[in-house]
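Read the figures in this text as sums done on the coordinates, not as results from a lab. Please read these numbers as outputs of a predicted model, since none were measured by experiment. Please note: Cβ atoms are built from the backbone with ideal geometry, for glycine as well, and neighbour counts cover all protein chains shown.
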Amino acid sequence: MAESLKMKIAVLGATGQTGQYLVNQALQQGHTVTAIVRNPGKLSLHHDNLKMVEADIFSADSLKTHFKGQDVIMSCLGFPVSFFSAVTGYTLSMNSVISAMRESGVNRIITMSSWFTEPNSARQSPYVIRFLLLPIIRGVLNNMHEMEKLLETSEDINWTVVRPPGLKNLPASAQEFLTHEGYFVPNSGGNAVGRGDVGFSCQKKKKRRSGGNNGINEGSVQPKNTNLL
Ligand SMILES: NC(=O)c1ccc[n+]([C@@H]2O[C@H](COP(=O)([O-])OP(=O)(O)OC[C@H]3O[C@@H](n4cnc5c(N)ncnc54)[C@H](OP(=O)(O)O)[C@@H]3O)[C@@H](O)[C@H]2O)c1
């Protein structure tokens, strides 16, 4: 890989199921990864280009030291549904992340939410998803949606939200995925995609997408040739 295409990537949620695929893929592509974690014991991977640091995702002060010098922040953070209190992890952590990005001079973030954050998105879904699963996880989806709105109003931040449908623990496949900014692409991989196929493309973007680089990529995952950086 050409030197210019190697990036410094800070990964939040690196110990999670999607995060571990992302870290592996980024390292395989020659990038330098700083995994920002709360529990270093959960990531057993060792690599010359991998640094693991502990930080508090709810503290801009804690994050900014590790953000300094990074080309991009990638987040696979996830917060469980709670029947006793509102889910707030997505917005609270994103507030800290955005503040830390501003303070450390990092401008680009790619994060993930869910296709179902958009209230009308379930119309084509099977009944079991629409009337059983989604009501159970509504608190998570609502907070993800608030996080998306937070990014939409952060005009100085260059952001992309990847909205996959369901996720399965499968490595990257050779399959091409059709996606589109702004609306759901039916038949683009079914109701679930492999976590290895969630498209945090690690190639450096040479040219900005028309209309700016901010956007919510809905429906599935990024096609293999889509540059998000
Ligand atoms: N499951 C699905 O079908 C589906 C579909 C669409 C979108 N999504 C969303 O996609 C995202 C990634 O999913 P996933 O299944 O890969 O998630 P996951 O395996 O649950 O991983 C979540 C990550 O967030 C980290 N995290 C949570 N709370 C934290 C805290 N307070 N401080 C620091 N780190 C914290 C976890 O750290 P630890 O390892 O230390 O716990 C872990 O690394 C989630 O937002 C999920 O809701 C899921």
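What to note about this one:
- Label point distance in nm, residue 71-residue 103, each placed 7 Å from Cα along Cα→Cβ: 2.6 nm
- With a Förster radius of 22 Å applied to the beta-carbon distance between residue 168 and residue 28, the computed FRET efficiency rounds to 0.60.
- Net charge contributed by nearby residues that have their C-beta within less than 11 Å of residue 141 (K/R +1, D/E -1): -1
- Selection of chymotrypsin sites (Phe, Trp or Tyr not before Pro), the stretch 39-107, meeting DSSP coil and at most 10 other Cβ within 10 Å: 83, 84
- Pairwise centroid distance, computed over Cα atoms, of the stretch 17-43 with the stretch 80-115, Å: 18 Å
- Computed extension length for residue 86-residue 136: 16.7 nm, one decimal, from 0.36 nm per residue of separation with the Cα-Cα distance subtracted.
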